[in-house]
Number of protein chains: 2
Amino acid sequence: MRLTGGFWGRRQTVNGAATVAHSRTWMDRLGWTTNFREPSPKTRGREFSDSEVYKLTEALCWESARPGGEDHRDELAELTALIGGAQAADGYLHTAYGRAGQPPRYGDLSFGHDLYCAGHLIQAAVAAARTGTAAGLLEIGVRAADHICATFADEGFCGHPEVETALVELYRVTGERRYLEQAAAFVNRRGHRTLPEHEFGWEYFQDAVPVRSGTVFGGHVVRALYLAAGAVDVAVETGDDELLEAVARQFDRTLARRTHLTGGMGSRHLDESFGEDFVLPPDRAYSETCAGVATVQLAHRLLLATGDLRYGDIVDRVLHNVIATSIGDDGRSFFYAQTLHQRTPAEMPSGRERKRFSGGGRAPWFEVSCCLNNMARLIASLGTYFASEDSGGVQLHQFAPMRVEAGGMVLDVHTDYPDGGTVRVTVVEAPPVPRTITLRVPAWASGADGVHRKVFEGGEQIRLDLPMRPRWTFPDPRADALRGCAAVEVGPLVMCAESIDLEDDVRLDEIQVDTSVAPEIGAVKGRRTTPFDESWPYQSHRTTTEGTDPVVVPLLPYHRWARRGPSTMRIWLPTTN
Amino acid sequence: MRLTGGFWGRRQTVNGAATVAHSRTWMDRLGWTTNFREPSPKTRGREFSDSEVYKLTEALCWESARPGGEDHRDELAELTALIGGAQAADGYLHTAYGRAGQPPRYGDLSFGHDLYCAGHLIQAAVAAARTGTAAGLLEIGVRAADHICATFADEGFCGHPEVETALVELYRVTGERRYLEQAAAFVNRRGHRTLPEHEFGWEYFQDAVPVRSGTVFGGHVVRALYLAAGAVDVAVETGDDELLEAVARQFDRTLARRTHLTGGMGSRHLDESFGEDFVLPPDRAYSETCAGVATVQLAHRLLLATGDLRYGDIVDRVLHNVIATSIGDDGRSFFYAQTLHQRTPAEMPSGRERKRFSGGGRAPWFEVSCCLNNMARLIASLGTYFASEDSGGVQLHQFAPMRVEAGGMVLDVHTDYPDGGTVRVTVVEAPPVPRTITLRVPAWASGADGVHRKVFEGGEQIRLDLPMRPRWTFPDPRADALRGCAAVEVGPLVMCAESIDLEDDVRLDEIQVDTSVAPEIGAVKGRRTTPFDESWPYQSHRTTTEGTDPVVVPLLPYHRWARRGPSTMRIWLPTTN
């Protein structure tokens, strides 16, 4: 699988050329890498800073092996030595615990993040093994995993899930079944209120309800999604259909009730949690970037595990409206949380670290800076999410210019998706037997047929035409914060209005749009309403747009917003009718 | 001023008979009173627990002096001895700081709450002086104030405002001008980013912008309102009109853009802050009870300082929809935060302490349990907010059965407000010269005349008839979370629908009401909409109520909700049109 350009190919280039170096510079400056070289009682950064070094390492592995990618093998050798140097003789590895003057190992399972960090180490080790880019890293991961299996044979688990999916991946790479069994034990131990009660409840760290009995995801969004991904991995490798169905059921209900239009998840800043069903306020959307990364990972796992291609729809949505939105054009700035409604012009942070609570523009770094490295590893390995094979042929889940060698075939895909809706697949090589090429048909393109089964010949073309007309989208009436509003979507892209495109005297919070008219390409029609000019915002009358002048409201893809300076922004537009 | 029964007289009785004893029991059990007797390196409770003992003491002073109140003078003598015993020889008083093994005095101005606690001590001392109920308490307060003046002559202030208004009150009681000057200095020192930056910004503890230059209240709601009350006190006593106008301007804009229909303030759980203009989500309303107490205190100060009676409207609204809502019928349970929309049936906590973040029913105690004692002191002293006098006569700001001796007159007020709208004032005694009796006419009763000027004779009656027809209220179109909704108000009461009153097969989140029909007493008419039954809550069509059966939606005053077991609740009702 090789992306040969286009929307995501360009982002892979920026990721490999700029993002990984930017991240390394910051982590060196802040001492997060120094922690490995000079462990001290007073480590720099937070209890999860080690994991950032591992995530970057994983990204460098994928990037170095990516056809056309930047070669970071020298840096990987250096990082491998750095990481390995901090590993204890028995395999334990965390720079903040267990040495003289430091808190004990595993002294706080709820918040210590020992196992969370080890999980990311193991994922980097797995990437190293799969790509052959970092000699010795797999062995470090294996020693860490062996220590975990020895320590947690009977009880205990980490407040922040992540090691579960890492251990299954390590099992896949090494064939060592103990890792799978340990992952299964971690998944099954959760949900019995074993950890001390958190001030946000046991739900916060996924210890309120066993994975098997949940009905919908709740609590801390990233924790919930990481655990679910680990549970799918365990279910697939152990044939545990009950567990797989439990995760799919919860994810489906989360998509139906707890997901923003962008595919982003999370509506509470306080505890970085989902919030209740249909609590989806655009102006307080949390929609953490890392939750987007986790949604892609979980949805793709469920797609592969169940064969249900519609999980590709949410990957498509999240990639184009969460991941693409988060990262700045320069690859050196990003959103931690992603509001769907900016009420006051967004401050554009310049050069300095920010608190994760901060609103405003993309920032170069956050005190908790998981997003950037998490995206870096996702984008560098993005090809793996775009196609799959089975005994019958090839499935194209995402649309991008790419070459796919799978299912006994070589395919070249040509498309300018998501800007255009035409996808052309050229069969470069195919065996002389019937094969199936399946292109996912998004729900918004219902009617199109994406399944082609035949004996393909070299040079043959398949074409999928997706309707890219702008369309109105309306919310469920129970989504109170969206009542009386509509949004415009174009293909997988959620559109937004940004104040910088409005005429000087038009304010974004005074516009109501007319949904009886189909949206045009790049604009909708509306009118200006007159807000109350009162000392109290609750009155005995409604305001009206009758008799006011029409206005044109230019729209742009949400992922393009906040790239031209301070502005206000809305996805959900109040309607006149 | 004596409340002789009615809505608030009954609550005063419960407050004096149950609430204060309930609070004392909890504070003894938790060791918050023990801290005074046995100061230790490891004090019980939080850094502001001392202030709870002071707030209770203040409440007991007001209650003991209230005509018809419970006499707590013995307990006051005991508390005075307890408090005085913990005071250092130089006047400093905080049970957690300055002793062997404890952190230093004023070691953390941002969060130490030294001065905040001292402020509540001084307010209790002032109440003791005004009521003559706690001999020796004034002297303790004076010593504390003297120590503050000596320590903070040149710089410094507390992260949590409160001592400002306390010092002005102490000046009023003692005539010692140093206290007023110290209060003015504290007010003027704020807003220059002197404290270390908070993770929620300097705005959080009112250090981002000087009081004089603010345009609207922001940051932590209770901090903002306490500081504003202190600023009004300083402005009035020093003749600082610029300062008074600055506070009035900010409060007016806060009422117009950052206040819930109930009069509650605060829309962010994360930092207990206002949130931006028109961010007023019913389901995530924070509307802290203490913010309600502070709003009453500030609005009444502005009313007295400016002579603008409309500030009485917000006192009326907050008393009947925030204060009355918070406290349970038994006087032993309360809401910390007050949602305007309960989505899932509220858990009814039984007997145990809760986190302040917890939703659900009224709880007997919270880890941060400021609300209960704050309400206790407000309710015990409530009469002081209901009437005032000036050289021309008497102003009746709030309506309750009461006897008012003021402005050279004795007045008996008879009313069953807020259940009824008729207010009868009987002039029991009056001088043989023209006097003015002014009854506030709420904005929702515009047209009525409340000003009566003449030579009154004994036995003469004045009558005010306020329209108590239920009325529809609509939100400003910029209040996105309220779009497409209406609420019903009756007099000062905000009404709500509670699921316990609905027929079994009707769900509160499926109802849309018809605002073309006037609301009836106790009910409105609506229809059921059909939610999407889809895997994704955003679709290309809207749902409709056409053709569905009409339903009757019973309403009750918001302050009555959550008193009959778990239920869902809404104030803002989606409309069909």
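Checked against (1) within 12 Å of another protein chain (Cβ to nearest Cβ); (2) surrounded by fewer than 24 Cβ atoms within 10 Å (Cβ to Cβ), residue B:237 passes all but a single condition, namely (1).
Would you check if there is a residue in segment B:278-300 being farther than 16 Å from residue B:335 by Cα and charged (D, E, K, R)? No, the conditions are met nowhere in segment B:278-300. So, residue B:362, is that one among the charged types (D, E, K, R) and at pLDDT below 95 or not? Taking the combined requirement at face value, the residue satisfies it. I need the full set of residues from segment A:207-234 which are within 14 Å of chain B (Cβ to nearest Cβ) and polar (S, T, N, Q), in order please. Result: A:215, single match.
Being within 23 Å of residue A:380 (Cβ to Cβ) and within 14 Å of chain B (Cβ to nearest Cβ) is the requirement here; does residue A:329 meet it? Criteria not met by residue A:329.
For segment A:555-571, filtering for residues that are touching a His at 6+ places or on another chain (Cβ under 9 Å) and either assigned to a strand (DSSP E or B) or more than 21 Å from residue A:418 (Cα to Cα) (or both) leaves 4. Quick one: would you say residue B:165 is part of a loop (DSSP other than H, G, I, E, B) and outside the structural domain of residue B:443 (by TED's automatic domain parsing)? Judged against the criteria, residue B:165 is not a match. Scanning segment A:424-466 for residues that are among the aliphatic types (A, V, I, L, M) and part of a strand (DSSP E or B) returns A:425, A:427, A:428, A:437, A:439, A:448, A:451, A:462, A:464. In segment B:173-191, the residues that are touching a residue at least 12 places away in the same chain (Cβ under 8 Å) reach residues that are surrounded by fewer than 17 Cβ atoms within 10 Å (Cβ to Cβ) and not in a helix (DSSP H, G or I) with C-beta atoms within less than 6 angstrom, at least six apart or across chains, in these pairs: B:191/B:210. Here B:494, B:552, B:524 are screened, and the one residue that is aliphatic (A, V, I, L, M), in contact with a Leu (Cβ under 6 Å, 6 or more places away or on another chain) and either assigned by TED's automatic domain parsing to the domain that holds residue B:412 or not in a loop (DSSP other than H, G, I, E, B) (or both) is B:494. Among the residues of segment A:453-485, those identified as among the hydrophobic types (A, V, I, L, M, F, W, C) and within 14 Å of chain B (Cβ to nearest Cβ) are A:472, A:474, A:479, A:481, A:482, A:485. Can you confirm whether residue A:520 is more than 14 Å from chain B (Cβ to nearest Cβ), farther than 30 Å from residue B:341 by Cα, of a type outside the set (Gly, Ala, Ser) and crowded, with 22+ Cβ neighbours inside 10 Å? No, not satisfied. Restricting attention to segment A:61-77, the residues that are in contact (Cβ under 8 Å) with a residue 60 or more places away in the chain and under 16 Å from residue A:28 (Cα atoms) total 1. Taken over segment B:4-26, the criterion of being of a type in the set (Gly, Ala, Ser) and surrounded by fewer than 21 Cβ atoms within 10 Å (Cβ to Cβ) is satisfied by B:5, B:6, B:9, B:17, B:18, B:21. If the condition is being without any contact (Cβ under 8 Å) to a residue 60 or more places away in the chain, in contact with a Phe, Trp or Tyr (Cβ under 8 Å, 6 or more places away or on another chain) and among the hydroxyl-bearing types (Ser, Thr, Tyr), then segment A:24-59 contributes only A:49. Taken over segment B:267-284, the criterion of being surrounded by fewer than 22 Cβ atoms within 10 Å (Cβ to Cβ) and assigned to a helix (DSSP H, G or I) is satisfied by B:283 alone. For the structure I just gave you, tell me whether residue B:323 is crowded, with 21+ Cβ neighbours inside 10 Å, within 13 Å of another protein chain (Cβ to nearest Cβ) and touching a helix residue (DSSP H, G or I) at 6+ places or on another chain (Cβ under 8 Å). No, not satisfied. Residues considered: A:397, A:414. Of these, the only one that is more than 23 Å from the chain's Cα centre (by Cα) and surrounded by fewer than 23 Cβ atoms within 10 Å (Cβ to Cβ) is A:414. Among the residues making up segment B:529-577, those that are of a type in the set (A, V, I, L, M, F, W, C) and either within 14 Å of chain A (Cβ to nearest Cβ) or over 18 Å from residue B:282 (Cβ atoms) (or both) are B:532, B:536, B:551, B:552, B:569, B:571, B:572, B:573.
Filtering B:404, B:488 for residues that are surrounded by 21 or more Cβ atoms within 10 Å (Cβ to Cβ), away from chain A (no Cβ under 14 Å) and touching a residue at least 24 places away in the same chain (Cβ under 8 Å) leaves a single hit, B:404.
The values are calculated or read from the model by the stated rules, or taken from the named source; none is laboratory data. In this text the structure is predicted, and so the values were computed from the model without any measurement. Using ideal geometry, Cβ is built from the backbone for each residue, glycine included, and neighbour counts are taken over all protein chains shown.
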